[in-house]
Amino acid sequence: MTDHLFHALPPLRRTVRRLARAYQLPAEVRARLVLSVADLTDSEFRAGRPVTLHTAHEAGTDADSHVLAVTLRFPKTAGPLATAHLPLPATEPSAGSVTWRIPVSTPREAPSFASRLSANGGSRYEPWPDSTSWTEAQVIEEELRAAFAQTDGLVAEHRRLKHELAETNAGVLALYVQLEERDEQLRTAHGQVLQELEDALRPPPLTLDGLELAVHYEPADPNAPTGGDLYDWFRLPDGTLHITVVDALGHGVRSTRSALNVTHAVRTLALEGHPLQSILARTHEILMPLDPDLMATVLLARLDPVTGQLLLANGSHPPALVLRSDGGASFLEVRGRGIGFPLPGSEEILQAVIEPGDLLILYTDGLTESRRDPCEGEIRLVEASRRHAAGPLAEIPSSIAADMHSVVLHPDDTLALAIRRTPAAPGA
């Protein structure tokens, strides 16, 4: 063990470098140790306070390991030392001293160097223990090279990691794009299947002399085109046109099934000859034991193509709109309650006459309540119907829906049917 008192930084720095060289410390560790010693002692020397360097070569924790203990003592310093950010962290900092314990080998030069340093009392310094050709400038250059080598290694590692991260990100992005494309394909395929299913559930086009018919259906979600809005039309044995419009509560396949059950039950009862006013209540009696949660609004219309006689039964459904050829418009209100409602059935049958050129609009609430105001929706429906009444009937339902849905605050399935009575052919 050796103790040396220093009054200036340059000799202390040279001594620490000689010591590190003697114990063959790596250039990086040597540089960190020298910088740490300088950081701790510079202010002391400027204040005129001496510093003691104590070194010891000790056995390590293992039988074959050795440790170089380097201690700086500050005999005239009061208060704690700032050791938090040293280049080489101290293993044993205390109020008046700082110790580094550095693993070393056991070179032959180390004892002789320590002895020479001790014999000279730290006042005179021998040449480098391993070679007289080494100068302090060369040692500093070696430390700089070690620092640059480490920096270059870190830069290269950073560049490599950055490149790998970029490749990984590119791969993840490509995978994400592939997954999005696959999801979009699946959504499209799913929507196509459901659309085909929905189309299969709707009645085929119907041709009747004296009448034009057109329909528009728009789901709330284009990717899930099934819903509870459904219609059915067919010719009764007496030549009368029967139309059923259903809006089953809910969305998706379950509501489609409920609406389909209603249209099938109504069709069966109508073809069996049941009076129009009794069909809604009878449908409720048939379906509720099979589906207790079923709730649906229903509008039933029967129109004679020859006379224009119109009969309407209603169960909680929005009223039909008739737009006369002279521009007059009226909603055909019929009181009643829908399937699954208390006291279901139509309270009356409304009778009206559709003259040649008149336009009859049947629809679900998704058409008039997209802005959450049914009264405003009915006013806008009249205006939209008037704007498009003179156009081809096949385009009228979709044109009306486009006008009504210019602003949508409450998306819902939408169904609109347009029926126009055509003038009789000359001589008919």
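Over the stretch 324-428, what is the relative contact order in percent, taking alpha-carbon pairs closer than 8 angstrom and at least six residues apart?
32
Just order 99-105, 88-94, 307-313 by mean Cβ neighbour count inside 10 Å, highest at the front, would you?
The packing order, highest mean first, is 307-313, 99-105, 88-94.
Once semi-axes √(5λ) of the Cα gyration tensor in Å is worked out from the coordinates, which option in (1) 39, 34, 18; (2) 65, 30, 16; (3) 103, 21, 20 does it equal?
(3)
Which angle between 0 and 90 degrees, to the nearest 10, do you get for helix 109-119 versus the longest principal axis of the chain when only C-alpha atoms count?
Computed tilt is about 60 degrees.
Report relative contact order for the chain in percent, whole number only (criteria: Cα-Cα under 8 Å, sequence separation at least 6).
12
How many nm is it between the label spots at Leu35 and His274, if each spot is 7 Å from the Cα in line with the beta carbon?
Taking the simple label geometry, Leu35 and His274 are separated by 9.3 nm.
Given R₀ = 41 Å, FRET efficiency for Arg14-His163 by Cβ-Cβ distance, to 0.05?
Efficiency, rounded to the nearest 0.05: 0.40.
Select from Thr135, Ala416, Pro374 the residue farthest towards the positive end of the dipole of the chain; place +1 on Cβ of Lys and Arg, -1 on Cβ of Asp and Glu, and compute about the Cα centre.
It is Thr135.
Would you mind getting me the FRET efficiency between Val155 and Gln24? Use the beta-carbon distance for r and R0 = 25 Å, nearest 0.05.
FRET efficiency, Val155 to Gln24: 0.35.
Charges only on Cβ, +1 for Lys and Arg, -1 for Asp and Glu: so what's the dipole of the stretch 152-280 about the Cα centre, in debye to the nearest 20? Could the numbers behind the result be given before it?
Working: 10 positive and 20 negative charges, 60 e Å.
So the magnitude is around 280 debye.
Please work out the FRET efficiency for the pair Val193 and Glu395, using the Cβ-Cβ distance as r and a Förster radius of 25 Å; give the result to the nearest 0.05.
About 0.35, to the nearest 0.05.
Using mean Cβ contacts within 10 Å as the protection proxy, how do 176-186, 23-33 order, highest first?
Peptide ranking by packing, descending: 23-33, 176-186.
Any chance you could give the angle, 0 to 90 degrees and rounded to 10, that helix 374-388 forms with the longest Cα principal axis of the chain?
70
So what is the relative contact order of the stretch 312-363, in percent, for Cα pairs below 8 Å that sit 6 or more residues apart?
44
In debye to the nearest 20, how big a dipole does the chain give about its Cα centre with +1 on each Lys and Arg Cβ and -1 on each Asp and Glu Cβ?
On the way: 38 positive and 56 negative charges, 554 e Å.
With Lys and Arg at +1 and Asp and Glu at -1, about 2660 debye.
Give me the extension gain from Glu180 to His264: residue separation times 0.36 nm, minus the current Cα-Cα distance, reported in nm with one decimal.
26.3 nm
Read-outs: derived from the displayed coordinates by stated rules, not from any lab. Just so it is clear, the model here is predicted, and its values are computed rather than measured. Note that we place each Cβ from the backbone using ideal geometry, even for glycine, and neighbour counts take in every protein chain shown.
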